[in-house]
1. When you scan the stretch 151-166, how many residues do you find that are within 16 Å of ligand 1 (Cβ to nearest atom) and in contact with a strand residue (DSSP E or B) (Cβ under 7 Å, 6 or more places away or on another chain)?
2. Under 8 Å by Cβ, and 6 or more places apart or on different chains, what pairs join a residue from the stretch 116-130 that is in contact (Cβ under 8 Å) with a residue 60 or more places away in the chain with one that is of a type in the set (S, T, N, Q) and within 15 Å of ligand 2 (Cβ to nearest atom)?
3. Within the stretch 295-324, how many residues turn out to be more than 21 Å from H243 (Cα to Cα) and within 18 Å of the chain's Cα centre (by Cα)?
4. Identify the residue in the stretch 184-203 that is aliphatic (A, V, I, L, M) and within 15 Å of ligand 2 (Cβ to nearest atom) and, among all such residues, is surrounded by the fewest Cβ atoms within 10 Å (Cβ to Cβ).
5. How about the stretch 167-282: which helices (runs of 4 or more DSSP H) wholly inside it have at least 2 residues that are out of contact with any strand residue (DSSP E or B) (no Cβ under 8 Å at 6 or more places or on another chain) and among the acidic types (D, E)?
6. So which residues in the stretch 10-27 are over 18 Å from the mean Cα position of the chain (by Cα) and either surrounded by fewer than 21 Cβ atoms within 10 Å (Cβ to Cβ) or over 18 Å from G251 (Cβ atoms) (or both), if there are any at all?
7. Is the stretch 234-242 home to any residue that is away from ligand 1 (no atom under 14 Å from the Cβ), surrounded by fewer than 21 Cβ atoms within 10 Å (Cβ to Cβ) and either in contact (Cβ under 8 Å) with a residue 40 or more places away in the chain or under 20 Å from A301 (Cα atoms) (or both)?
8. So which of A306, A314 ends up being of a type in the set (A, V, I, L, M) and part of a loop (DSSP other than H, G, I, E, B)?
Amino acid sequence: MKVLVTGGIGYIGSHTCIAMIEAGIEPIILDNLSNSKLAVLDRIETLTSIRPVFYQGDVRDQDKLDLIFSEHEISSVIHFAGLKSVGESVAKPLEYFDNNVNGSLVLARSMRKAGVKSIVFSSSATVYGDPKVVPISENSPTGATTNPYGRSKYIVEQCFSDLFAAEPLWSITLLRYFNPVGAHPSGLIGEDPQGMPNNLMPFIAQVAVGRRDFLAVFGDDYDTVDGTGVRDYIHVMDVAAGHIAALKIVGEKAGLHIYNLGTGQGRSVLEMLDAFSLACGKTLPYQILPRRAGDIAQCWASTEKAQQELDWHATRTLNEMAADTWNWQSKNPQGYSDC
Ligand code: NAD
Ligand code: WQD
């Protein structure tokens, strides 16, 4: 079975490609390298002894997509390609809508032309906005997003829902990831943000490896266990496994399938910092700063639907997330620039 993986050498895509190869699924990767490095392909080959077919190109390039579909008998698509920085999306909304929304539409058109009707889309817990109730189930209200990145994910969800309503032979799976963190246990692939990390885990990892002086904790006056923000961190290998389950179980069933990928457990910023200190064997410096604009106090997933319907649940602990991130960061202090 061949699956087109857009954005397949990015952070989540690369881990998923490894899980696919291990599950006997052949990834065909399309990536424009806007946020990834070709060295990832070498690492995938080292880990699996297989070098995936790779096309350098943009998901908005319909000719390129048509060519890929004509050269391979593709059964499904996993669509990771997109821009993902919340702050950048506020400054560059047109770029975000073009890449994330237009890219998804061009892809869907090319799939339809090729007769491929199965897609798994990287959505995000951000579509839930600030939840009134936790844990958040798939039926919770969506759409009250607070930034262009979040809106782009919500709009693509709406586009795909409308496509399914019009053409019910499609299998469309929307996976709403909570907070993916961690790295492959080998330490050969991991998250490699360019410039200043926006997210908590890569920032802590860079403090631990000496690239940053201290962690700025954004607010300690939330109504949470210790006043800091609470999120549902999930190991990227569990996220990868969720894609395999989705492909195998609903990927060939016509329908609009929506699942949360989370652990069902909320953890605070200070809990994550403690777990990382344990992993790297040193106390990490931090300072409490004011809240970050747009942040919510807490969110975590209801995981029942994915457990029941996909027979999938996250298995890796917070300590494993921290240990695997540290293993990756300490072996690759400058990320893939070390290659
Ligand atoms: P990433 O930036 O590491 O990976 C995205 C990949 O897509 C990169 O390799 C990039 O070069 C490529 N890409 C971007 N635009 C492209 C285009 N127009 N054409 C072809 N390739 C393109 O990000 P990630 O963390 O692996 O995220 C993957 C997906 O999951 C994204 O859609 C993201 O919005 C979504 N998501 C991520 C998180 C998270 O916290 N990492 C959470 C929820 C959802
Ligand atoms: C987690 C917690 C921060 C950095 C974002 C996107 C979301 C999704 C995942 C793609 C919060 C605190 C963070 C720091 C800190 N991405 N923090 N100091 O905000 O839950 O989600 O990434 O879909 O759309 O919004 O994740 O890792 O940025 O923050 O104190 O330097 O860590 O305030 O409480 P977030 P995050």
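1. So the count comes out to 4.
2. Correct list of pairs: A125/N179; A125/N260; Y128/T142; G129/T142; G129/T145; G129/T146; D130/T146.
3. Step one: filter the stretch 295-324 for residues more than 21 Å from H243 (Cα to Cα), giving 295-299, 319, 322-323.
From what is left, the residues that are within 18 Å of the chain's Cα centre (by Cα) are 299, 322.
Within the stretch 295-324, residues that are more than 21 Å from H243 (Cα to Cα) and within 18 Å of the chain's Cα centre (by Cα) number 2.
4. Going through the qualifying residues, I end up with M196.
5. The qualifying helices (runs of 4 or more DSSP H) are 269-280.
6. Result: I21, E22, A23, G24, E26.
7. no
8. Answer to the check: A314.
Each reported figure results from applying straightforward, stated rules to the coordinates on display, with no laboratory input. Given the structure is predicted, the values throughout are model-derived calculations rather than measurements. Cβ coordinates were reconstructed from backbone atoms using ideal geometry, including for glycine residues, and neighbour counts include every protein chain displayed.
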